[in-house]
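Heads up, the thing below is written out as structure tokens.
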Amino acid sequence: MNRLRDKRVLMAVGLVAVLTLTLVLPAISPESATTNMAVFTLMYVGLATAWNIMGGYTGYISLGHAGFFGFGAYALGLLLARLSIAGGYAPFLFVPVAGLLTGLMAAGVGWFALRTRAATFVIVTIAFMFMLQLLAENLTSLTGGGAGLGFPNPPWRGDFFNIPFYYAMLALAVLGLAVSWSIRRSKFGLGLLAIRDDEDKALAVGVPARAFKLTAFVISATLVGMIGSVYGYYVTFIYPQFVVDPLIGISMVLMVFLGGLGTLWGPVLGAVILEPAQLWLAYNYGASRLYLVLYSAVFLLVILLMPRGIIPSVRDLIAERRASAPAARAGAAP
């Protein structure tokens, strides 16, 4: 009991320390290069966490979440244009609206897609993403098509430019983690895990699998859409291949698998490892596109060594050592 209490206290202290560090990071290192990397890292922490609510908890692997990311970006851009909202802090107030619109769209997509399973579901999500990309490309009167869609220019300059976006991404990442944590501790979360382990058995014991899956899908998409909307405002100009980009969706998946599928902190760890590495490789080797090869090689190396992800693998290793310690002491006793 004391060990469990000490563990919880240690975790609480660690969380407070990490949150405090993230809150004061812009004051410690306000340089635009540092805060830019932090913005993108927090963005992927939120994206990977949101994707994990669907892919990690239900076992339904979606490769089309980049579609929700792009939809959220376009939703905010069009809202700001139609309402003539100027740059500044006001656009952030419409981020939840963009998320809500994304969630409504996801409800329609999920109603159809979640009638399938396994590889068919993966294919349906990919098809949805490319369909959305084509719509954004061809609805030129609405989205601007290949010419792109502009956002109001933020009034901030210099090193301060990134800081409002840093805190916006931090807030969304914390929101995603809070939602994920709440789901894991609820009956709803237990139902999702039952679906992941064996959907037919879950149905047999009364789990409303279709409703649970659709709810998880909508929650996941809503969070992704909100993050996509902040990203669109951050870059101030978007076009279909830029925000409805398969690499964005694949990155979410890779980060979750690297850190640990279905765990709370696995997506965070995966994003914190892979996104800074990707940015560094792109900066140093981007001209030759070699960074994509190096990025993939690093991921494959870790997955080969720890196929269940870092957190589950480390957890298993600690459990094995604890289990073997009493046996070793017993063998050494006279």
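Taking square-rooted eigenvalues a ≥ b ≥ c of the alpha carbon gyration tensor, is the stretch 228-304 rounded, prolate or oblate, where a/c under 1.5 means rounded and, failing that, a/b exceeding b/c means prolate? Here the stretch 228-304 falls in the oblate category. Of TRP280, TRP265, TRP181, the residue with the greatest mean-square motion in the GNM of the chain, using alpha carbon springs below 10 Å, is TRP280.
Normalised by 2.2 N^0.38 Å, where N is the number of residues, the C-alpha radius of gyration of the stretch 98-202 stands at 1.48. Quick check: the angle from helix 95-113's long axis to the longest principal axis of the chain, C-alpha only, nearest 10 degrees? In the chain, helix 95-113 runs at an angle near 70 degrees to the longest axis.
Relative contact order of the chain: 30 percent, from C-alpha pairs under 8 Å at least 6 residues apart in sequence. Each Lys and Arg adds +1 at its Cβ and each Asp and Glu adds -1 at its Cβ; summed about the Cα centre, the stretch 31-244 shows a dipole of about 480 debye. Whole Å is fine, so just give me how far the alpha carbon centre of the stretch 14-85 lies from that of the stretch 259-321. If you average the Cα positions of each part, the centres end up 18 Å apart.
Which FRET efficiency value, to the nearest 0.05, do you get for LEU78 and ASN36 by plugging their Cβ-Cβ distance into 1/(1 + (r/R0)^6) with R0 = 22 Å?
The calculated FRET efficiency here is 0.30.
The stretch between ASN284 and PHE237 holds 14.5 nm of extra length on full extension. This uses 0.36 nm per residue minus the Cα-Cα distance.
If a/c stays under 1.5 just call it rounded; otherwise compare a/b with b/c (prolate if a/b is bigger, oblate if not). Do that for the stretch 179-334, with a ≥ b ≥ c from the square roots of the Cα gyration tensor eigenvalues. Mind dumping the intermediate values first?
Values: a/c = 2.76, a/b = 1.24, b/c = 2.22.
Oblate, since a/c reaches 1.5 and b/c is not below a/b.
For the stretch 168-186 versus the stretch 117-166, the inter-centroid distance based on Cα atoms is 23 Å.
Between the residues GLY88, SER180, PHE212, the greatest Cα displacement towards the positive end of the dipole of the stretch 31-244, with unit charges on the Cβ of Lys, Arg, Asp and Glu, is found for PHE212.
Quick check on the stretch 1-111: take the gyration tensor over C-alpha atoms, sort the square-rooted eigenvalues as a ≥ b ≥ c, and tell me if it's rounded (a/c under 1.5), prolate or oblate. Could the numbers behind the result be given before it?
On the way: a/c = 2.50, a/b = 1.31, b/c = 1.91.
Oblate, because a/c is 1.5 or more while a/b does not exceed b/c.
Each label was represented as a point 7 Å from its Cα along the Cα-to-Cβ direction; for ARG115 and TYR167 these points are 4.7 nm apart. Relative to its Kirkwood radius, the Cα radius of gyration of the stretch 162-267 gives an Rg/Rh of 1.03.
Read-outs throughout are calculated quantities, based only on the coordinates presented, and are distinct from any laboratory measurement. Being a predicted model, the structure only gives us computed values, none of them experimental. Positions of Cβ are generated from backbone atoms using ideal geometry, with glycine treated the same way; all protein chains shown enter the neighbour counts.
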